[in-house]
Amino acid sequence: MKPANPTPQTKFIFITGGVLSSLGKGLAAAAIGALLESRGLTITFQKLDPYINVDPGTMNPFQHGEVYVTDDGAETDLDLGHYERYTSVSLSQKNNYTSGRIYYSVINKERRGEYLGGTVQVIPHVTDEIKAAVRQLEGEVDVAIIEIGGTIGDIESLPFLEAIRQLRGDLGRENTLYIHVTLVPYIKTAGEVKTKPTQHSVKELRAIGIQPDILLCRTETTLSDELKAKISLFCNVDRDAVITARDVENIYEVPLWFHEEGLDNKILKLLNVWTGSPRLEPWQELVARIKNPSREVPIAIIGKYVELKESYKSLHEALVHGGVANDARVVLRYVSAEDIEAQGFEGAAELLAGCHGILVPGGFGGRGVAGKIMAITHARQEKVPFFGICLGMQLATIEFARNIAGLTDANSTEFNPGTPHPVIYFIKEWYDYRTSRVQVRDESTDLGGTLRLGSYPCRLLPDTFARAAYGAELIDERHRHRYEFNNEYRRQLADKGLVISGTSPDDKLVEIVELADHPWFLGCQFHPEFKSRPMRPHPLFTAFIKAALEHQKTEG
Ligand code: GLN
């Protein structure tokens, strides 16, 4: 008898990138996931990152973009954010591996004697470790999409490429597919698009034993049939496997465009999977809503990394989603906290003029803190809708303590360890609901170890902005921070009008603060942006943008 729920034969799609970085491999992987899911297949993702850092948690967002956090508290590459936003999957620790993590595990095994004194080598020991990481996903879903970070030709990515090369032999041709994302540049002076970089990139891949099945060619425009034929001939791929991945106005158009190019059909044909046609109406509606909103509203983001939008990726998307929910285009104005600081409080008002919502996002370290606090004072006094996330919530608390509760020197111990009023402090222990254990930490724990990471429950008080937005009493949100609201100041600040609208269910951790006498002023200790999806905009972002639109209306 057949089991009621047979384990699916998981098919693996491996995505590599050639020519140069930033070709949108992560988005391509996410869009492929969206197309397969819209055909009723179950999917998952994995990102294999060649760098040696054990996880991206300690990497500078300047260099690497945002650190994305999953429910189980993994600090991951920002591509996992794309994967979750484009599909319904919820990812975890096992969906992101770096070379560092792979080597760490191999070296630990060696130290424990698990290789029985054998010589430990890249092939087979490191490659086996990679293959085991990939094969964990086997049997879980119909299709697993594995993205290999970096560019073909990098020294670091070789073990990953060797491992995926071997996997075709291990898993079978019908169960594996290689997709290569490459660039077909337009050379202005020649007035032509050039296929040579693609040819060379594929040659490199073939030299290590991988013949791509499908090419996703990034171009500014569409590729003519002649050009596709040429690429097909030189790169040894089917004519209908040369897909134009043209620049689109909006990232949520990518799945629709890929479908038009026949990408999902080709994938399914090569993997020998039969499904119905995709249901793309929700994507079409989404794109139409994004492209033709009935109004727009400027929002200021007061940040440290304003030069690099990648470091606020999820935040940016969540704001777009909040706009979609309100039929509005959110016009983001990144304002440098240090510019505000340099101009002083009067200058802050000038820099923020015309913005109908002010958002202070998460962050680490003292740089720009004074400017962010000035922006918060401005939002509070001028009754401009305010949204503080993580550090933003902590600074809103400090601002309130200093300017309303009269605790002039109030601070976070992150910025002044000796402050007489540590309204935000380094908490030594807390109850972790996931492990049902008290987590203990101190300053000597390694940097990663001291963070409160991942999903925690939060109870919302009735008659608050938070409760109104969520329409629920109990919620779960993802965290990534070291410092917390100090309960010793709770009574004092509450008496002065700070509303504690969300706490951990045991009431020990403050999760959300608000101001009642304000159109919309809310700070949360967690990162709601990680859970916002275009089809399911996050309630706090929806509420914030709604408040901003109302502010705009009353301002005339
Ligand atoms: N630096 C603060 C902390 O560690 C806030 C962190 C954040 O905004 N993610 O608590």
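The values are calculated or read from the model by the stated rules, or taken from the named source; none is laboratory data. Quantities reported herein were computed from a predicted structural model and do not represent experimental measurements. Ideal geometry is used to build each Cβ from the backbone, glycine not excepted, and the neighbour counts take in all protein chains shown. Keep in mind that these areas ignore ligands, DNA and RNA; they rest on the heavy atoms of the full protein, side chains included. Shrake-Rupley method; radii C 1.70, N 1.55, O 1.52, S 1.80 Å.
Filtering the stretch 510-519 down to residues that are open to solvent by 10 Å² or more (accessible area, probe 1.4 Å) and either at pLDDT 95 or above or under 25 Å from the mean Cα position of the chain (by Cα) (or both), which residue is nearest to the ligand (Cβ to nearest atom)? This residue is Leu515. Looking across Gly556, Gly523, Gly449, one residue alone is within 16 Å of the ligand (Cβ to nearest atom) and modelled with pLDDT under 95. It is Gly449. The set of residues in the stretch 409-432 being more than 16 Å from the ligand (Cβ to nearest atom), assigned to a loop (DSSP other than H, G, I, E, B) and within 25 Å of Leu451 (Cα to Cα) consists of Gly418, Pro420. One residue is enough: does the stretch 174-182 have a residue meeting the conditions within 33 Å of the chain's Cα centre (by Cα), touching a residue at least 40 places away in the same chain (Cβ under 8 Å) and part of a helix (DSSP H, G or I)? Yes; the residues of the stretch 174-182 include at least one that is within 33 Å of the chain's Cα centre (by Cα), touching a residue at least 40 places away in the same chain (Cβ under 8 Å) and part of a helix (DSSP H, G or I). Scanning for something among the hydroxyl-bearing types (Ser, Thr, Tyr), over 20 Å from Lys131 (Cβ atoms) and not in a strand (DSSP E or B), does the stretch 187-197 turn up at least one residue? So far as the stretch 187-197 goes, yes, one or more of its residues are among the hydroxyl-bearing types (Ser, Thr, Tyr), over 20 Å from Lys131 (Cβ atoms) and not in a strand (DSSP E or B). For Glu399, the conditions (1) more than 16 Å from the ligand (Cβ to nearest atom); (2) in contact with a helix residue (DSSP H, G or I) (Cβ under 6 Å, 6 or more places away or on another chain); (3) not small (Gly, Ala, Ser) are fulfilled apart from (1). Against the conditions (1) open to solvent by less than 40 Å² (accessible area, probe 1.4 Å); (2) within 21 Å of Tyr252 (Cα to Cα), Val331 satisfies every one except (1).
Only one entry of Ala348, Ala342 meets the criterion of being surrounded by fewer than 23 Cβ atoms within 10 Å (Cβ to Cβ), modelled with pLDDT under 95 and away from the ligand (no atom under 16 Å from the Cβ), and that entry is Ala342. For the stretch 472-503, the candidate set comprises residues that are within 16 Å of the ligand (Cβ to nearest atom) and in a loop (DSSP other than H, G, I, E, B); within that set, the residue that is least open to solvent (accessible area, probe 1.4 Å) is Asn486.
Out of curiosity, is Gly406 modelled with pLDDT under 95, away from the ligand (no atom under 14 Å from the Cβ) and more than 29 Å from the chain's Cα centre (by Cα)? Answer is no for this residue. Sub-9 Å Cβ pairs linking a first residue in the stretch 377-405 that is of a type in the set (S, T, N, Q) to a second residue that is open to solvent by less than 20 Å² (accessible area, probe 1.4 Å) and away from the ligand (no atom under 16 Å from the Cβ), at least 6 apart or interchain, are Thr377/Ala348; Thr397/Leu493; Thr397/Leu498; Asn403/Thr377, ordered by first then second residue.
From Thr408, Thr464, Thr435, which residue is hydroxyl-bearing (Ser, Thr, Tyr) and open to solvent by less than 40 Å² (accessible area, probe 1.4 Å)? Steps first, please.
Details: Thr408 fails: open to solvent by less than 40 Å² (accessible area, probe 1.4 Å); Thr435 fails: open to solvent by less than 40 Å² (accessible area, probe 1.4 Å).
Just a single option satisfies the conditions, and that option is Thr464.
Evaluating Lys109 against the criteria (1) in a helix (DSSP H, G or I); (2) open to solvent by less than 10 Å² (accessible area, probe 1.4 Å); (3) of a type outside the set (Gly, Ala, Ser) leaves one unmet condition, (2). In the stretch 452-471, of all residues being in contact with a strand residue (DSSP E or B) (Cβ under 8 Å, 6 or more places away or on another chain) and without any contact (Cβ under 8 Å) to a residue 40 or more places away in the chain, the one that is nearest to the ligand (Cβ to nearest atom) corresponds to Arg452.
For Ile302, indicate whether it is buried (at least 24 other Cβ atoms within 10 Å of the Cβ) and either under 21 Å from the mean Cα position of the chain (by Cα) or without any contact (Cβ under 8 Å) to a residue 12 or more places away in the chain (or both).
yes
Flag set for Ala401, criterion: within 29 Å of Ile427 (Cα to Cα), buried (at least 24 other Cβ atoms within 10 Å of the Cβ) and in contact with a strand residue (DSSP E or B) (Cβ under 6 Å, 6 or more places away or on another chain).
Is there a residue in the stretch 95-108 that is farther than 29 Å from Leu286 by Cβ and touching a strand residue (DSSP E or B) at 6+ places or on another chain (Cβ under 6 Å)? First the steps, then the outcome.
Step one: filter the stretch 95-108 for residues farther than 29 Å from Leu286 by Cβ, giving 97-108.
Of the ones still in play, those that are also touching a strand residue (DSSP E or B) at 6+ places or on another chain (Cβ under 6 Å) are 97-98.
So far as the stretch 95-108 goes, yes, one or more of its residues are farther than 29 Å from Leu286 by Cβ and touching a strand residue (DSSP E or B) at 6+ places or on another chain (Cβ under 6 Å).
Sub-6 Å Cβ pairs linking a first residue in the stretch 125-144 that is within 20 Å of Ser88 (Cβ to Cβ) and at pLDDT 95 or above to a second residue that is surrounded by fewer than 21 Cβ atoms within 10 Å (Cβ to Cβ) and of a type in the set (Asp, Glu), at least 6 apart or interchain, number zero. In the stretch 371-393, the qualifying residues are those that are open to solvent by 10 Å² or more (accessible area, probe 1.4 Å) and not in a loop (DSSP other than H, G, I, E, B), and the one that is nearest to the ligand (Cβ to nearest atom) is Ile373. Selection over the stretch 351-366 of residues that are open to solvent by 10 Å² or more (accessible area, probe 1.4 Å), in contact with a helix residue (DSSP H, G or I) (Cβ under 8 Å, 6 or more places away or on another chain) and away from the ligand (no atom under 11 Å from the Cβ) gives a count of 2.
Across the stretch 79-105, the qualifying residues are those that are surrounded by 21 or more Cβ atoms within 10 Å (Cβ to Cβ) and either in contact with a Phe, Trp or Tyr (Cβ under 7 Å, 6 or more places away or on another chain) or without any contact (Cβ under 8 Å) to a residue 24 or more places away in the chain (or both), and the one among them that is nearest to Val120 (Cα to Cα) is Ser99.
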